[in-house]
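Engineer: So that we are looking at the same thing, I have put the structure below in structure tokens.
Any read-out appearing in this document is the output of simple, stated calculations on the displayed coordinates, not a laboratory observation. As the structure is a computational prediction, the values presented were derived from the model and not from experiment. Glycine also receives a Cβ, built like all others from the backbone with ideal geometry; neighbour counts cover every protein chain displayed.
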Amino acid sequence: MRWILSLTLAVLLTGCASVSTTVEDVSNTLPDHTVSFTILQMNDVYEITPVEGGRTGGLARVATIRQQLLQETPNVYTVMGGDFFSPSALGTARVDGERLRGKQMVAVLNTLGLDLATFGNHEFDLDEEDFLMRMEESEFDWVSTNITDASGTMFTNTEPHRLVTFSDDHGNSVRVAFVGVTLDSNPKEYVQYANPIRSLYDETEYLSGRSDVIIGLTHLALEDDIRVAAEIPSLDVIMGGHEHENVEVYRGSDFTPIYKADANARSVYIHRFTYDTRSGELALTSELMPVTGAIPDDPEVAAVVQEWVDIAFAGFIEQGFDPGAVVTTTTEALDGRESTIRNRETNLGALIATSFLAESGDADLAVFNGGSVRIDDVLPAGDVSQYDLIRVMPFGGSVLTIGIKGSVLAQALSQGIANRGTGGYLQTANVTRDGDTWMIDGEALDPNRTYRMATNDFLVTGLETGMDFFNVEENPDMELLATHRDVRMATIDELQRRFGRP
């Protein structure tokens, strides 16, 4: 099934062209002074394979779409709006003692024929050495107006803008400039962020007399994309990322279109442009295409995908997992999106915390940091495999039982609330709040009592935001009482208790 989301309007864009967004196909009726080109847009892709039990996504299917577009016109350009090095479940597999850390993503996108990417905030999940290796491996180009290394130097393969010229058989051409920008939500010592909107404004001002069309390839929150559309009228189109659900809105005095596709290539945007070299008029037909099982795999890309799946699965098997095994069939969707699990209790967070209670056996409560859930997605009702659980908590770790003084526990729970919006927000079991009073299993928390707390090993390292005191090795009011199985194994058991065995 295919559909077109569009709004018919014609407006004059300051500095560049007039844009008409319509559903009409003008590719077969172009005058000899009109150039056509097509942009294939993806964003926030963490899996090289299909998701939702194979029903949607898959980069081999996207490659087929790209090949079909190339049959329409040679002027096809494929772009990625950031977030694909991480977080990736396959990327956590250890091969020869080292995690893949996005190596499989770059290899598949190279084969697919990606032309241009901008950085997402999750690219910087990697340490500097791995990040630089992925940049060196990239056969595609990168664009960013506001990201440099710590010394202010552009990273390998990266430019502040990318100017691409598309031509036709009559000798006409159109100059299309791409500018990239990324939100500064993932600070690392090896990365320097400039103000994203200011730097984007400066770059588009520079390009206004040097290009015919300017496209923003952004990785910003939607409200910031809307601000960009309002404040930078010389941008003709914004192709964004960061949100994980498709977006098509028009903002600013020029009604600048903003497009975002669904994460994990559940959909892609196909933008068909025609540019009149005499009048400067730009026509755009934008189509949101669901990527489903109705689209066959591209054989070349499918072979590379399978190669990396085999490599990663072999690594998981060495760790004691059977990635393809179905563990249960759920009757409800489980919410692991960052926007929810880092801000409030979710059913997936509660399920995982409850699994820790059961794994401990005699704990009074369970807590874990929402940031340890990295799937940033909803697991739909239906079959859940071991690989799905690896996607949920790719970095694993052990369930621990900790003896903890009530006063320290109260401090940690309050800090978890303060961490709302970050990975340090705490998901819990047997913990509630009555006004300003923390309740443990229905009773007011006693600051002098020692509680038995089930948790994941990372949370008690003191490395979580604002929780340097929460270190079992250094805080005398905390004691390691027991070490249990991997958090994912505990979660599998809880899933089977709730939904049954396959």
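Engineer: Going toward the positive end of the dipole of the chain, with +1 on Lys and Arg Cβ and -1 on Asp and Glu Cβ, which of L183, G435, A194 do you reach last?
Structural biologist: After comparing all options, I get G435.
Engineer: Shifting gears a bit: How much length is gained on full extension from T148 to E281, taking 0.36 nm per residue of separation minus their Cα-Cα distance?
Structural biologist: Extra length from T148 to E281 when fully extended: 44.4 nm.
Engineer: Contact order normalised by length for segment 9-306, with contacts defined as Cα pairs under 8 Å and 6 or more residues apart; what percent is it?
Structural biologist: Worked out over segment 9-306, it gives 27 percent.
Engineer: Roughly how many debye, to the nearest 20, is the charge dipole of segment 9-306 about its Cα centre, given +1 on each Lys and Arg Cβ, -1 on each Asp and Glu Cβ, and no other charges?
Structural biologist: So the dipole magnitude of segment 9-306 works out to roughly 260 debye.
Engineer: List E464, E159 from most exposed to least, where exposure is judged by having the fewest other Cβ atoms within 10 Å.
Structural biologist: E159, E464
Engineer: Moving on to the next point. At a 10 angstrom cut-off on C-beta neighbours, averaged per residue, how do the peptides 167-180, 291-304 rank from highest to lowest?
Structural biologist: 167-180, 291-304
Engineer: A further question follows. Taking a ≥ b ≥ c as the square roots of the eigenvalues of the Cα gyration tensor of segment 9-306, is the shape rounded (a/c under 1.5), prolate (a/b larger than b/c) or oblate?
Structural biologist: Here segment 9-306 falls in the oblate category.
Engineer: In addition: Lys/Arg Cβ at +1, Asp/Glu Cβ at -1, dipole of segment 379-502 taken about the Cα centre: which of M467, P502, H484 is farthest positive-ward?
Structural biologist: Positive-end residue among those listed: P502.
Engineer: Evaluate the charge dipole of the chain about its Cα centre and quote only its size in Debye, nearest 20, assuming +1 on the Cβ of each Lys and Arg and -1 on the Cβ of each Asp and Glu.
Structural biologist: The dipole magnitude comes to about 700 debye.
Engineer: State the antiparallel share, in %, of DSSP beta bridges confined to segment 9-306, rounding to the nearest 5.
Structural biologist: Rounded to the nearest five, the antiparallel share is 60 percent.
Engineer: Is the C-alpha gyration tensor of segment 174-278 telling us rounded, prolate or oblate? Criteria: a/c under 1.5 is rounded; beyond that, a/b larger than b/c is prolate, otherwise oblate.
Structural biologist: Oblate is the answer for segment 174-278, as a/c is 1.5 or above yet b/c matches or exceeds a/b.
Engineer: Quick one: grab the alpha carbon gyration tensor of segment 107-210, order the square roots of its eigenvalues as a ≥ b ≥ c, and give me rounded if a/c is under 1.5, else prolate or oblate depending on whether a/b is larger than b/c.
Structural biologist: Taking the square roots of the gyration eigenvalues as a ≥ b ≥ c, segment 107-210 is oblate.
Engineer: Moving to a separate point now. Which value in deg cm²/dmol, rounded to the nearest 500, describes the helix-derived mean residue ellipticity at 222 nm for the chain, given -39,500 (n - 2.57) per DSSP H run of n ≥ 4 and division by the residue count?
Structural biologist: That calculation yields -8000 deg cm²/dmol at 222 nm.
Engineer: Give the value in nm², to one decimal: projected area of the alpha carbon convex hull of segment 321-499, averaged over all directions.
Structural biologist: For the Cα atoms of segment 321-499, the hull's average projected area reads 9.3 nm².
Engineer: For the charge dipole of the chain, defined by +1 on Lys and Arg C-beta atoms and -1 on Asp and Glu C-beta atoms about the Cα centroid, which residue among S151, P50, N110 has the Cα displaced farthest towards the positive pole?
Structural biologist: Farthest towards the positive pole: P50.
Engineer: Tally Lys and Arg at +1 and Asp and Glu at -1 over the other residues with C-beta under 12 Å from the C-beta of N172: what net charge comes out?
Structural biologist: -3
Engineer: Here is a follow-up. May I ask what percent, to the nearest 5, of DSSP beta bridges between residues of the chain are antiparallel?
Structural biologist: Of all bridge pairs located within the chain, approximately 70 percent are antiparallel.
Engineer: For a quick check: sort Y206, Y77, Y275 by the number of other beta carbons within 10 angstrom, fewest at the front.
Structural biologist: Lowest count first: Y206, Y77, Y275.
Engineer: Once you charge only the Cβ atoms, +1 for Lys and Arg and -1 for Asp and Glu, what is the size of the charge dipole of segment 367-464 about its Cα centre, to the nearest 20 debye?
Structural biologist: 240 debye
Engineer: What does the convex hull of the Cα atoms of the chain come to per residue, in Å³, rounded to a whole number?
Structural biologist: Dividing the Cα hull volume of the chain by its residues yields 153 Å³.
Engineer: Follow-up question, since we're still on this one. Once you put a point 7 Å from the Cα of A325 and another 7 Å from the Cα of I417, both along the Cβ direction, what distance in nm separates them?
Structural biologist: Between A325 and I417, the simple spin-label model gives 4.2 nm.
Engineer: Can I ask one more? Explain nothing, just the number: relative contact order of the chain, from Cα pairs under 8 Å at least 6 residues apart, as a whole percent.
Structural biologist: 16 percent
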